[in-house]
Every structure is written in C-alpha cells, then in structure tokens.
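The structure under discussion appears below in the form of structure tokens.
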Amino acid sequence: MKKTVLIVAVALGLLSNVYAQEGEAKTSATTVEPTQAATEPKAEEAQFEKQGFLTTKWCADQGLFADCRLESIVCGEGGCYRNWEFGDAMKTELVIFVHSELKYYIIKPEGHFEMGELIEKGMAKDLVTIQGKYDEKSNTIAATGFKAPPPPAKSFFKGCL
C-alpha cells in the first residue's frame, strides 16, 4: 500500500512539473521583445546596473553570505547587539557583491528609493539587480531602483517530508 501511494505521489509530481514547463513555454513564446533602439537610454540618462548578492558590508568583508547575521543590518557588524541600545543610530551599509568580479559595490539610496523594501525582498539573496549611477571614486551606486529575484517555486513535497 505504501509503495502504491509513493508511486502515485511521484507520478503526480512529475506531471505537475511537465504541465508547468509547458505553460512557461507557451507564455514565453507569446511575449515580444522590444527593439534595442527603444530600450537604449540616452547618454545623459545612462543607468548603471549590477546584479549580485545583496548583503551588508561587514558580511561581505567576512565572507558571510547566506549566513550573514541579521544584527549587521542594524548596527553594522556581527555581535554589536551587545553594545547597541534601542534608539541608537542605525549603521546600515548594504552592498551588492558581484561573484564574477569578486568585489562589492556600496549602495546609497537616492530619490524615492525604498531601502526597507530592498531589505525585505532582496536581503541575503542572489541575483538582485541594483540600478542607479556609479561613482568610481567611492565605489558607490546611487541607487534609484532594484529588481529582486522571484520567490522560489512551490514544491509538491515541501510539506510532506
């Protein structure tokens, strides 16, 4: 009986993946890509864009990415919660670490950039894209926008095992 239930569950899981892939193939075939001339920014409006892992400066210096301590978002380093009191100034230094270049870029918000939304949707995640203007002297991106990676797809067996 257990073997039959397991076989049926595996078959349903495989079928759901097949249908999901067919649906993605249908939707991707119907989308039309814009022309290069339409998406190319003007010279004075040129945007700098980097894609990488969103973390804090302290975690990037320590080599901690997925294991980055959350207190480093508030007070700037790991273990600082011992000395930090509620009401103290926050020392948030977010960076985008680009693995292919093995370096990070400091993120400074500009305009209507929502730092809270960036932390909520992109913190400790890979493939986060930061858009803005780049300053080579300070290695800083004046961020005007971002794109967070999509949430992970729900798995059939997620709650079962």
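The values are calculated or read from the model by the stated rules, or taken from the named source; none is laboratory data. What you are looking at is a predicted structure, and each value in this text was computed from that prediction instead of being measured. When we count neighbours, we look across all protein chains shown, and the Cβ atoms used for this are built from the backbone with ideal geometry, even at glycine.
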Open item on the list: Where the second residue is assigned to a strand (DSSP E or B) and among the charged types (D, E, K, R) and the first is in contact (Cβ under 8 Å) with a residue 12 or more places away in the chain and surrounded by 13 or more Cβ atoms within 10 Å (Cβ to Cβ) and lies in segment 99-127, which pairs have Cβ atoms under 9 Å and are six or more apart or on separate chains?
Closed with: TYR105/LYS50; LYS108/ASP135; GLU110/LYS133; GLY122/LYS147; LEU127/LYS147
- [ ] Determine whether GLY132 is buried (at least 17 other Cβ atoms within 10 Å of the Cβ) and touching a Pro at 6+ places or on another chain (Cβ under 8 Å).
- [x] no
Open item on the list: I need the full set of residues from segment 52-70 which are farther than 19 Å from THR129 by Cα and not hydrophobic (A, V, I, L, M, F, W, C), in order please.
Closed with: ASP61, GLN62, GLY63, ASP67, ARG69
- [ ] Report whether or not VAL128 is assigned by TED's automatic domain parsing to the domain that holds GLY52 and closer than 18 Å to LYS50 by Cβ.
- [x] yes
TODO: Return yes when PHE86 is out of contact with any Gly (no Cβ under 7 Å at 6 or more places or on another chain), within 24 Å of GLU49 (Cα to Cα), modelled with pLDDT under 85 and assigned to a loop (DSSP other than H, G, I, E, B) and no when it is not.
DONE: no
TODO: Please identify the pairs in which a residue from segment 49-63 that is at negative phi has its Cβ atom under 7 Å from the Cβ atom of a residue that is modelled with pLDDT of 90 or more and assigned to a helix (DSSP H, G or I), counting only partners at least 6 apart or on another chain.
DONE: LEU54/GLY122
Task: Hits in segment 68-98 - residues which are within 13 Å of the chain's Cα centre (by Cα) and more than 11 Å from TRP58 (Cα to Cα) - done: ILE96, PHE97, VAL98
Open item on the list: Which count do you get for residues in segment 47-71 that are modelled with pLDDT of 85 or more and part of a helix (DSSP H, G or I)?
Closed with: 6
Task: Sole residue being in a loop (DSSP other than H, G, I, E, B) and more than 10 Å from the chain's Cα centre (by Cα), chosen from GLY111, GLY145, GLY116, GLY132 - done: GLY111
